[in-house]
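A short worksheet on the structure shown next.
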Amino acid sequence: MQTLGIKGTIFAPNYISPAKKATLERLGANLCLHGDDCLDTETEGRRTAKEKDMHYISPYNDIDVVAGQGTIGLEILEDRPEIDTVLVAVGGGGLIAGIAGFLKHAKPGIKIIGCQPELSKVMYESVGAGHIIYEESGDTLSDATAGAVEENSVTFELCRDYVDSWILVSEADIAKAVYFMLQHHHKVVEGAAGTAIAAFMKNATQFKDHHVAIVSCGANISMEKLKMVIDMHYK
């Protein structure tokens, strides 16, 4: 918003990562915390936008946002055209919907795998049910993908039609993946990125002889959670 010279309010759930909150505030964001599930946050954002005659932009339930995420698929094929399998963490589905929507048209045989925490797997359950369902989410390291999905979200059909399979991972799996990236690659990743990495690590033999891309989708992990992960694994 600073770049464009416009004013706006960013709505986030009460459980927002302290690292993300600090970054947003440091950059001068007008931040409003509301709700203990992202669906409550989105509902309040839409209500406020309507009340104040402002435009509301969903983080996933917006076809333009989805299309923007699709450019990641383009970059994957431009950099590594041999890729035949892509793993993506899933919350509301905007990221994987955009990536899958592009890749399935550019390279129909490519496999798209959705990755979710066992404690927050709403899109996985929704695709299985054939419609968006509501399911309470637990406390997960992958806070960026946690929570419910808006009814009639544009991402549902894209996930249903273009995601080939799903992998669910435990909190221990996610923590192990975050630690692995720190220990072996000296990279800090957040829980959402760790979810996709964990899905690969948990099923490495499944991907033998495949050319795999894992979308590492963020590094906004709080020092508290990072310390917890290190304490769990450092010997």
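The values are calculated or read from the model by the stated rules, or taken from the named source; none is laboratory data. Quick caveat: nothing in here was measured; it's all calculated off a predicted structure. Backbone-built Cβ (ideal geometry, glycine too); neighbour counts: all protein chains shown. Heavy atoms of the whole protein, side chains included, go into the accessibility calculation; ligands, DNA and RNA do not. Shrake-Rupley method; radii C 1.70, N 1.55, O 1.52, S 1.80 Å.
Each residue of the range 81-97 was assigned a 3J(HN,Hα) from its phi angle through the Karplus curve 6.51 cos²θ - 1.76 cosθ + 1.60 (θ = phi - 60°); the sequence is x, 7, 4, 10, 9, 10, 10, 9, 5, 10, x, x, x, x, 5, 5, 5 Hz, with glycine and proline shown as x. Ellipsoid fit via the Cα gyration tensor, the range 120-159: semi-axes of 18, 10, 8 Å, each the root of five times an eigenvalue, largest first. For L168, neighbours were defined as the other residues whose beta-carbon sits under 14 Å from its Cβ, and their charges (Lys and Arg +1, Asp and Glu -1) total -3.
Based on protein heavy atoms only, the chain ends up with 54 Å² per residue of surface accessible to a 1.4 Å probe.
Taking every protein chain into account, the 1.4 Å probe leaves M54 with about 90 Å² of accessible area, to the nearest ten.
Along its three principal directions, the equivalent ellipsoid of the range 72-200 from the Cα gyration tensor extends over semi-axes of 22, 21, 10 Å, largest first.
Any number yet on Rg/Rh for the range 140-235, C-alpha, Kirkwood? Taking Rh as the inverse mean 1/r over Cα pairs, Rg/Rh reads 1.01.
Our coupling estimate for the range 26-43, obtained by passing each phi through the Karplus curve with A = 6.51, B = -1.76, C = 1.60 and θ = phi - 60°, is 5, 8, x, 5, 8, 10, 10, 9, 7, x, 9, 9, 4, 5, 5, 5, 5, 4 Hz, Gly and Pro reported as x. First select every other residue whose beta carbon is under 11 angstrom from the beta carbon of F207; then total the charges, Lys and Arg +1, Asp and Glu -1. Net of charged neighbours comes to +1. Accessible area per residue (1.4 Å probe, heavy atoms of protein chains only) ranks H55, H210 as H55, H210, with the largest value leading.
Element breakdown for the chain at a 1.4 angstrom probe: carbon and sulfur atoms account for 53% of the accessible area. Sorting E171, E118 by accessible area puts them as E118, E171; the probe is 1.4 Å, largest comes first, and only protein heavy atoms count.
Note on the range 69-131: Kirkwood radius taken over Cα pairs, Stokes-Einstein applied at 4 °C and 1.567 mPa s, translational D equal to 106 µm² s⁻¹. Proximity of backbone amide H atoms, modeled 1.01 Å from N, is registered between T85 and K111, H211, A213 at under 5 Å, excluding neighbours fewer than 5 places apart on the same chain. Checked against a 31 Å cut-off, the cross-linked pairs K121/K208; K187/K208; K21/K52; K7/K121; K20/K176 give Cα-Cα distances beyond that limit for K7/K121.
Backbone geometry of the range 100-111 corresponds, through the Karplus equation with coefficients 6.51, -1.76 and 1.60 at θ = phi - 60°, to 3J(HN,Hα) couplings of 5, x, 6, 5, 5, 8, 6, 8, x, x, 5, 9 Hz, x marking Gly and Pro.
Working from Cα pairs under 8 Å separated by at least six residues, relative contact order for the range 102-141 is 34 percent. Take the Kirkwood radius over Cα pairs of the range 1-106, plug it into Stokes-Einstein at 20 °C and 1.002 mPa s, and you get 136 µm²/s for translational diffusion.
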